[in-house]
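In what follows, a single structure is set out as structure tokens and then discussed.
What follows draws every value from the coordinates through simple rules; no lab data is involved. None of the values given here were measured: they were computed from a predicted structure. Cβ placement follows ideal geometry from the backbone for every residue including glycine, while neighbour counts extend to all protein chains displayed.
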Amino acid sequence: MIGLTIRVIVAWTFVLCALNTFASDLTINFNAQSVEVQQLIFDYKLPEANKLLEAEAVHTPDNVVVNYLQVVSDMLNYVTLETEANFEQFEQSKQTAIERINTCSDDLEAKYFLLEEVYFYSSIVRGKKGQQIAAANDVRHAYNNGKKSLARHPNYLPAHKTLGLLNSGFGSLPSNYQKLMQWMGYETSMDQGIKSIETFIKSKDDRPEWVAIKREAQFYLAAIQLYLKNDKTKAWNMVSEITADYKTNLLSSFALINFADKCKKNDVIINIMNHHEANPGEANIPFLWFMMGKAKLQRLDSDADTYLKRFIKQQSGPSYVKSCHQKLAWHYLVHGEPDDYNKHLGLCRTEGSKSLEEDEQAYKASTSGKKPNHKLLKARLLYDGGYYSDALKLIRPLQGKDFESTEDRAEYFYRKGRVYEALEKPELAIAFYKGCIECGKDLSTYYASYSALYIAQIFEDLNQLSDAKTYYTMATSFTANKEYKRSLEHRAKNGLERIK
């Protein structure tokens with residue numbers, strides 16, 4: 001027994017010594033090969049990047065930058081393709097990276113930055129996978145490692161990138177998370193988050209590996225302007241500059257198309273995707289065909305279904321599948337094909353998942369038993385595409401009395417308000433939004449809640465902050481509303497944060 005114990009102690013001593021030796025040998029070195037791989041990843045040339053990573057892992061087995069870059073590559077692979085194999089690959093490379101980076105010396109200034117990034121990318125992957133609790137835990141680890149990075153190495157500025165984004169976003173979490181965030185000690189200043197990111201972007205340090213990271217930080221700033229500051233013009237100008245290489249960089253196309261969708265630059269999406277279709281040898285992101293089909297639908301083009309079906313055929317994961325079938329149903333309703341409308345409404349109920357709010361809303365609409373009003377649907381699509389004058393021509397002759405159901409009347413007031421706001425007629429927009437609130441405040445639809453939100457935004461733009469506060473608060477007060485609750489609360493809290 002004593003002999004066995006001695007052997008165990010000796011064995012563990014050997015293991016610990018080996019681990020200590022292993023730890024001391026590990027390093028963080030953004031050498032020329034690593035920077036080349038980093039650029040390939042951000043050019044979305046993942047197969048080529050992965051091939052070089054394999055070679056670099058053999059050539060410099062002690063360099064944990066290889067593990068970090070593998071995580072970035074696998075994150076992009078999963079987010080754009082969503083296969084189960086991609087998810088498992090990401091989880092494996094993430095665990096390896098965390099274990100190896102953790103064994104590095106605390107004296108290495110990039111150590112906690114790399115951990116911050118790995119955990120943040122994990123939160124993205126797990127969030128898309130629908131693992132919300134695990135994603136929230138990853139955010140906590142990312143935040144803590146970002147703080148630790150700056151505490152130990154204040155001059156290692158890349159840590160400001162993700163930490164600034166998290167600080168900016170935390171202030172707009174739903175109310176049931178606010179107390180938890182405060183208990184954990186998180187800062188919640190949107191403006192401070194922006195300043196943090198800008199500290200890194202404006203730094204004069206010209207290390208080669210910081211070039212791509214600074215570009216990523218610029219995307220974060222543009223996203224904050226769009227989603228938190230509600231400044232679409234500034235966001236669009238920023239992202240247009242960052243993605244000037246979109247014709248040769250698919251990842252830039254992906255980002256530009258997402259911003260174009262939110263900024264109602266419908267024709268930009270179609271033009272980008274026409275270029276992509278003309279170059280079939282390029283890498284493929286199925287989601288881009290969904291965006292092409294959606295843009296075509298919003299222009300009422302007769303071939304929108306071609307691209308929406310292409311997405312369904314290529315998409316491996318469940319995201320946007322229900323939404324896509326809903327849009328196919330709308331396409332066939334607009335073009336007078338009731339059989340295909342019913343077919344895709346049925347598929348909306350049975351295919352895909354409800355993890356995304358957009359998919360959840362599509363599912364609820366498909367099971368409601370209510371058929372969209374033909375004219376209001378066309379007005380909605382034209383508005384969503386940014387074709388405001390065409391939408392007004394369609395909806396201007398209509399009146400509230402033309403609609404029998406209360407829900408259709410509420411939607412009519414809402415759609416007309418949206419069009420007048422887009423055409424910079426705020427007084428008319430407010431009048432119709434108020435009509436929607438009065439008509440739809442007791443309905444389960446989102447029309448009244450969002451009408452209050454948009455009135456608040458108009459008052460904010462007019463610097464009538466007391467009125468803006470009243471309507472931002474009202475926007476979350478309609479308890480009957482069951483649609484887009486998460487997005488609504490997020491945007492209302494952002495508004496209150498901006499005007500306080």
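Some points to look at:
- Burial order of peptide ranges 96-108, 69-81 (average beta-carbon count within 10 Å, highest first): 69-81, 96-108
- Taking the average, over residues, of other Cβ atoms within 10 Å as the packing measure, peptides 38-48, 337-347 rank 38-48, 337-347 from highest down.
- Cα-projected label distance for Ser477 with Asn29, points at 7 Å along beta-carbon direction, nm: 6.4 nm
- A Förster distance of 45 Å, applied to the separation of the beta-carbon atoms of Ser105 and Gln132, puts the FRET efficiency at 0.85.
- Highest mean first, the peptides 134-142, 432-440 sorted by other C-beta atoms within 10 Å per residue fall in the order 432-440, 134-142.
- Stretch gain in nm, segment Asn230-Lys247, where the contour uses 0.36 nm per residue and the Cα spacing is subtracted: 3.4 nm
- Flagged links, alpha-carbon separation over 21 Å, of Lys232/Lys313; Lys371/Lys401; Lys148/Lys229; Lys322/Lys371: Lys232/Lys313; Lys148/Lys229
- Charge-dipole axis of the chain as Lys and Arg at +1 and Asp and Glu at -1 on Cβ define it, positive-most pick from Ala475, Cys104, Leu308: Ala475
- FRET efficiency estimate (nearest 0.05) - Cβ-Cβ, Lys393 to Lys202, R0 56 angstrom: 0.75
- One way to sum up the overall shape of the chain is the equivalent ellipsoid from its Cα gyration tensor, whose semi-axes run 45, 26, 22 Å, largest first.
- Placing +1 on the Cβ of every Lys and Arg and -1 on the Cβ of every Asp and Glu, with nothing else charged, gives the stretch 202-291 a dipole about its Cα centre of roughly 420 debye.
- Selection from His325, Ala159, Ile201, by position along the positive dipole direction of the chain (Cβ): His325
- The helix-based estimate of mean residue ellipticity at 222 nm for the chain, built from -39,500 (n - 2.57) per DSSP H run of four or more residues and divided by its residue count, is -23500 deg cm²/dmol to the nearest 500.
- Axis of helix 132-152 versus longest Cα principal axis of the chain: the two differ by about 50°, to the nearest ten degrees.
- The residue list Leu496, Gly130, Pro397 was ranked by how far each Cα lies along the charge dipole of the chain toward its positive end, using unit charges on Cβ atoms, and Pro397 comes out on top.
- Sites Glu48 and Asn271, calculated FRET efficiency, Cβ-Cβ separation with R0 22 Å, nearest 0.05: 0.20
- Placing +1 on the Cβ of every Lys and Arg and -1 on the Cβ of every Asp and Glu, with no other charges, gives the stretch 2-156 a dipole of roughly 520 debye about its Cα centre.
- Cβ-based net charge around Asn342, under 13 Å, with every Lys or Arg adding one and every Asp or Glu removing one: 0
- Assigned charges on the beta-carbon of Lys, Arg, Asp, Glu; the chain dipole about Cα centre (debye): 1440 debye
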